[in-house]
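These notes concern the structure reproduced below.
The values are calculated or read from the model by the stated rules, or taken from the named source; none is laboratory data. Note that the coordinates shown come from a computational prediction; the quantities given were computed from them, not determined experimentally. Note: ideal-geometry Cβ built from the backbone for every residue, glycine included; neighbour counts use all protein chains shown. Each accessible area value is taken on the protein alone, full model and side chains, heavy atoms only, with ligands, DNA and RNA left out. Shrake-Rupley method; radii C 1.70, N 1.55, O 1.52, S 1.80 Å.
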Amino acid sequence: MTLNRHSSYIPAVSTIAREAGTLLMEYFDKNIKIEYKGVANLVTEADRKSETLIRERILGLWPGHDILGEEEGLHDSGSDYRWYVDPLDGTTNFAHGFPVFCVSIALEHKGQLIAGVVYDPTRKELFAAERGSGAFLNDLRIEVSKTARLAESLVATGFPSHKRHKNPNIFFYHQITLRSHGVRRAGSAALDLCCVACGRFDAFWEFNLNPWDTAAGVLLVEEAGGRVTDFRGGPFLIDSRQTLATNGFVHDEVMHEFEQILSGRGLEPLPVISE
Ligand code: IPD
Ligand code: CA
Ligand code: CA
């Protein structure tokens, strides 16, 4: 791996992510206690234990840095450095024993993402990127796919674990499914983004993700040569409510489809169910 001036972060963050992933697997391999936060958001003890571990490790190494984590919120001292931590992305999968989940950790410096690590402990896959140094999967360089057309693309999306009834994404899901090789909805936005980064998916979109879901994965896609914007091609901001990440080649075509859907044009009629 070629490293830049922030190179000191990736080895240490990888160690932290692996440690948190190992902790998650200890819970996953047992019967975990399922709790409920909100209506349908399953939260486990593993979420909280993982975030506590990650916070302790980060503050042990970089005591002056700020951290925004999903479970404990923001510790804000006004530092130029801010960490984004999703201690368990894919909690619903985890709680049901479906092995698609990860740890996601990213670092921002003066508002710019500079390092990101996503660790999938079920496959022992560690995705890592630093700004300007490329993206890596288990230390091997990764790149986005070269697929040129949506019709030949495998695409991914996600649905939030709450307010599902208000989410317009089912219309997008329907339309993009008809125009691609299919849309996967695996339940971990951070891993979806990593799959775009390494070319398994050609595109991913989702509404209303949070910074801890996207921070590391967005940097991975960009460093792997992909493109990340909002649904109209505007810049992706860390608190964006729209995330569109692609290999770059199919980006305009996906945005065109979104424009059609948002303007109510080109919608397919509800199919008749055949016997
Ligand atoms: C969720 C996952 C899921 C996405 C949801 C997220 P969580 O995160 O990333 O794929 O569709 O929008 O909230 O709750 O499992 O950390
Ligand atoms: Ca998440
Ligand atoms: Ca989470």
I'd like the residue in region 84-130 that is within 22 Å of Lys49 (Cβ to Cβ) and open to solvent by 40 Å² or more (accessible area, probe 1.4 Å) and, out of all such residues, is nearest to ligand 3 (Cβ to nearest atom).
Thr92
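So how many residues does region 56-83 have that are open to solvent by 10 Å² or more (accessible area, probe 1.4 Å) and within 14 Å of ligand 3 (Cβ to nearest atom)? Working first, answer last.
Residues of region 56-83 that are open to solvent by 10 Å² or more (accessible area, probe 1.4 Å), as a first pass: 56-57, 59-65, 68, 70-82.
In the following step, the residues that additionally are within 14 Å of ligand 3 (Cβ to nearest atom) were identified as 68, 70-73.
Counting residues in region 56-83 that are open to solvent by 10 Å² or more (accessible area, probe 1.4 Å) and within 14 Å of ligand 3 (Cβ to nearest atom) gives 5.
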Please go through region 73-90 and give me each residue that is away from ligand 1 (no atom under 13 Å from the Cβ) and touching a residue at least 24 places away in the same chain (Cβ under 8 Å), ordered by number.
Asp80, Tyr81, Arg82, Trp83
Failed item, numbered, when Ala216 is tested on (1) of a type outside the set (Phe, Trp, Tyr); (2) within 16 Å of ligand 2 (Cβ to nearest atom); (3) open to solvent by 10 Å² or more (accessible area, probe 1.4 Å)
(3)
Candidates Asp86, Asp47, filtered to the one that is at pLDDT 90 or above and part of a strand (DSSP E or B):
Asp86
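Scanning for something part of a loop (DSSP other than H, G, I, E, B) and either among the small types (Gly, Ala, Ser) or in contact with a strand residue (DSSP E or B) (Cβ under 6 Å, 6 or more places away or on another chain) (or both), does region 160-174 turn up at least one residue?
Let us first name the residues in region 160-174 that are part of a loop (DSSP other than H, G, I, E, B), namely 160-163, 167-168.
Among the residues that remain, those that are also either among the small types (Gly, Ala, Ser) or in contact with a strand residue (DSSP E or B) (Cβ under 6 Å, 6 or more places away or on another chain) (or both) are: 161-162.
Yes - at least one qualifying residue is present in region 160-174.
So, Ser7, is that one within 26 Å of Gly134 (Cβ to Cβ), modelled with pLDDT under 95, out of contact with any helix residue (DSSP H, G or I) (no Cβ under 8 Å at 6 or more places or on another chain) and small (Gly, Ala, Ser) or not? Spell out how you get there, then give the answer.
On the way: within 26 Å of Gly134 (Cβ to Cβ): yes; modelled with pLDDT under 95: yes; out of contact with any helix residue (DSSP H, G or I) (no Cβ under 8 Å at 6 or more places or on another chain): yes; small (Gly, Ala, Ser): yes.
When the stated conditions are applied, Ser7 passes them.
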Where in region 188-254 are there strands (runs of 3 or more DSSP E), lying fully within it, with 1 or more residues that are in contact with a Cys (Cβ under 6 Å, 6 or more places away or on another chain) and among the hydrophobic types (A, V, I, L, M, F, W, C)?
none
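Which of the residues that make up region 135-158 are of a type outside the set (S, T, N, Q) and buried (at least 16 other Cβ atoms within 10 Å of the Cβ)? Don't jump to the end; show me each part of the working.
From region 135-158, those of a type outside the set (S, T, N, Q) are 135-137, 139-144, 146, 148-152, 154-156, 158; that's our starting set.
The answer is Ala135, Phe136, Leu137, Ile142, Val144, Leu150, Leu154, Val155, Ala156, Gly158.
Within region 107-146, which strands (runs of 3 or more DSSP E) (wholly inside it) include 2 or more residues that are more than 14 Å from Cys195 (Cα to Cα)? Let's see the steps before the verdict.
On the way: elements: 112-120, 125-130, 135-137, 140-142.
Those strands (runs of 3 or more DSSP E) span 112-120.
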